[in-house]
Amino acid sequence: MSTLPTVLRGLLTLSLLLVSLMVSAQFGGGSGDGFGSATATEEVAMPLDLISFAARPAPGGVFIEWTTENESATSHFLVERTTDGVTYTTIGTLPAAGYSESGKRLHYSLLDGDPVAGTALYRLQSVDLDGTFEYSNLVEVTLGERSALTLSVYPNPGRGSELNVQLGGLPGGERFTAELIDQVGRRVLTQELQTGSNQSLRLPTGMPLATGVYTLRVQDATYGSRAVRVVVR
């Protein structure tokens, strides 16, 4: 008869021990809501590091270039242009490398061959293989009214020993390239010039030009280019 109480006491002791262990496990953290938790912090790799993004006036339009580093699962790039900050026009697309070695820099470039006169803003869209994308900061480019550039040469017809070039629409101090091209497309003369306050320049030919018809072309990175027919007698 004495065996039953002994067994009951043993079961009661075991139950109390189990409860004690459970309470200890639940509140062992010492703070919080009593339930232990583990947080795994996973670093998500960015698709690329954009080192630089720039745009500038260039012969034939606006030259856009950018440099990346540490590309990972990149698909392609889009260059977009806006004049009001609301409506964007895609002016070109280039495929991305996809992946690049750590620390290796990749260089991309694109030409906006039909830019707008005045001020425009450009941005770069980087698109990943999964379709997600990011934008770069906006960069600003200002182009003058290309239609404002005028060109004339006098005397025309002339003897060909010297050309007097009259430019209009260019501010004083603007640098430009002048080329004289003969009838078969050969460059007879190429010279870097700079406008003065009166926008009138003398273009020495170095020697009398042969009788014939020539084309004088001037080109400026901001204001575009103009050409005029020159007759030498």
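Computed from the coordinates by the stated procedures, all read-outs in this text should not be read as laboratory data. Since the model is a prediction, treat every value here as computed from it, not as a measurement. We place every Cβ from the backbone using ideal geometry, glycine too, and count neighbours over all the protein chains shown.
Using every pair of separate Cα atoms, the Kirkwood estimate puts the hydrodynamic radius of region 38-134 at 14.6 angstrom. Placing dummy labels 7 Å off each Cα toward the beta-carbon, the span from His76 to Asp130 is 2.1 nm.
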